[in-house]
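Novice: Questions regarding the structure given below will be posed in turn.
The values are calculated or read from the model by the stated rules, or taken from the named source; none is laboratory data. Nothing here was measured: the structure is a model prediction, and the numbers come from that model. Every residue, glycine as well, gets a Cβ built from its backbone with ideal geometry; the counts of neighbours run over all protein chains shown.
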Amino acid sequence: MTAIPTSQSAARSATASPASALPVRIFSTARGELESTVPVGAVYTPDTVLDWSEPLSGGTVVSDDEVAPLAPWSAFVLAGHTLTIVDVGGNQSADFLVYNAADTDERYSVPDTLAAQGNAYLREGSVLVSNEGRALMTVTGNEIDRQDTIGGACSKESNTLRYGFHTEFQHGCRENFLAEAGRHGLGVRDLVSNVNWFMNVPVEADGSLGIVDGISAPGKRVALRAEMDVLVIVSNCPQMNNPCNDFNPTPLRMIVTAATTSAGAARTEGLA
Ligand SMILES: [Zn+2]
């Protein structure tokens, strides 16, 4: 559990990032000053509006975490609990994977999810379906028009292909996923196509995809109810080469709440 600050710290705002340009960081070394456009740590602009918002569902708060810009996160969410993801700074892609906590060979499946609902976007009521055809989580609240699950996750490899080899040392969501998955005994074979909460990926009339300016805003939320005990892995997208994060990576807030059941207190025991 992490305390949620109400304003960004001076340290975080030390590096300005014009909306249309990569930030340039100057490092002092024994050999002089080095200039780098590689995002290091939190780089959002000093005037960024932050809205930490509140859970979209009622009940007892089980956990409440801040995910720093560029960083990964994971948690077990018990059946019946609800995860609220807050887009604190707006237009920040939360790349998302979900697994059956008891058997991680059962995991989120984009084709099964889209076939089941007959729609290319995720909206309130969408069910995140596993590769075994079962419900992992249900979208119980959604404050932007549509959510993407087609655009995939950025990676070192795709960055170098799309944007050039000078981006080789920028980590992407795939590297975040791998780092966090490793904490749970998962590896590269366990990474599948993902959800991009708050990322704007319109499907054009000709079937092509765009990654364009976002349709989210500070404080916008999505809420997901776990339909079984699940493991959620998130990458707070570090991408700085296209507008998917508004060229200004910002924090996410992850709040898990437990509805109190008619039988009594909410189930709150943890998972190994
Ligand atoms: Zn990414």
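Novice: Determine whether Pro243 is modelled with pLDDT under 95, within 16 Å of the ligand (Cβ to nearest atom) and farther than 20 Å from Leu97 by Cα.
Specialist: yes
Novice: Within segment 189-222, restricting attention to residues that are at pLDDT 95 or above and of a type in the set (A, V, I, L, M), which residue is farthest from Phe96 (Cα to Cα)?
Specialist: Only one residue tops the list, namely Val222.
Novice: Looking only at segment 188-214, which residues are out of contact with any strand residue (DSSP E or B) (no Cβ under 8 Å at 6 or more places or on another chain), under 19 Å from Asn119 (Cα atoms) and more than 16 Å from the ligand (Cβ to nearest atom)?
Specialist: Glu204, Ala205, Asp206, Gly207, Ser208
Novice: Could you count how many residues in segment 183-205 are of a type in the set (Asp, Glu) and either under 13 Å from the mean Cα position of the chain (by Cα) or closer than 15 Å to Pro72 by Cβ (or both)?
Specialist: Result for segment 183-205: 1.
Novice: Any idea which residue in segment 105-123 is surrounded by the fewest Cβ atoms within 10 Å (Cβ to Cβ), counting only those that are over 17 Å from Asn196 (Cβ atoms) and either among the basic types (Lys, Arg) or in contact with a strand residue (DSSP E or B) (Cβ under 7 Å, 6 or more places away or on another chain) (or both)?
Specialist: Applying the filter and picking the extreme gives Ala116.
Novice: Here's something else I'd like to know. Would it be correct to say that Glu180 is in contact (Cβ under 8 Å) with a residue 60 or more places away in the chain, within 16 Å of the ligand (Cβ to nearest atom) and under 17 Å from Phe76 (Cα atoms)?
Specialist: In short, yes.
Novice: Same structure again: Going residue by residue through segment 152-170, is there one that turns out to be hydrophobic (A, V, I, L, M, F, W, C), within 16 Å of the ligand (Cβ to nearest atom) and buried (at least 17 other Cβ atoms within 10 Å of the Cβ)?
Specialist: Scanning segment 152-170 turns up at least one residue that is hydrophobic (A, V, I, L, M, F, W, C), within 16 Å of the ligand (Cβ to nearest atom) and buried (at least 17 other Cβ atoms within 10 Å of the Cβ).
Novice: Just for segment 227-240: of the residues that are under 20 Å from Val212 (Cβ atoms) and of a type in the set (A, V, I, L, M, F, W, C), which one is nearest to the ligand (Cβ to nearest atom)?
Specialist: Residue satisfying both the conditions and the ranking: Cys237.
Novice: Let me ask something additional. Among the residues of segment 63-114, write down those that are touching a His at 6+ places or on another chain (Cβ under 9 Å) and within 20 Å of Pro251 (Cβ to Cβ).
Specialist: Leu70, Ser74 - these are the residues of segment 63-114 that are touching a His at 6+ places or on another chain (Cβ under 9 Å) and within 20 Å of Pro251 (Cβ to Cβ).
Novice: Asp145 versus (1) modelled with pLDDT under 95; (2) on the phi > 0 side of the Ramachandran plot; (3) away from the ligand (no atom under 16 Å from the Cβ): which is the lone unmet condition?
Specialist: (2)
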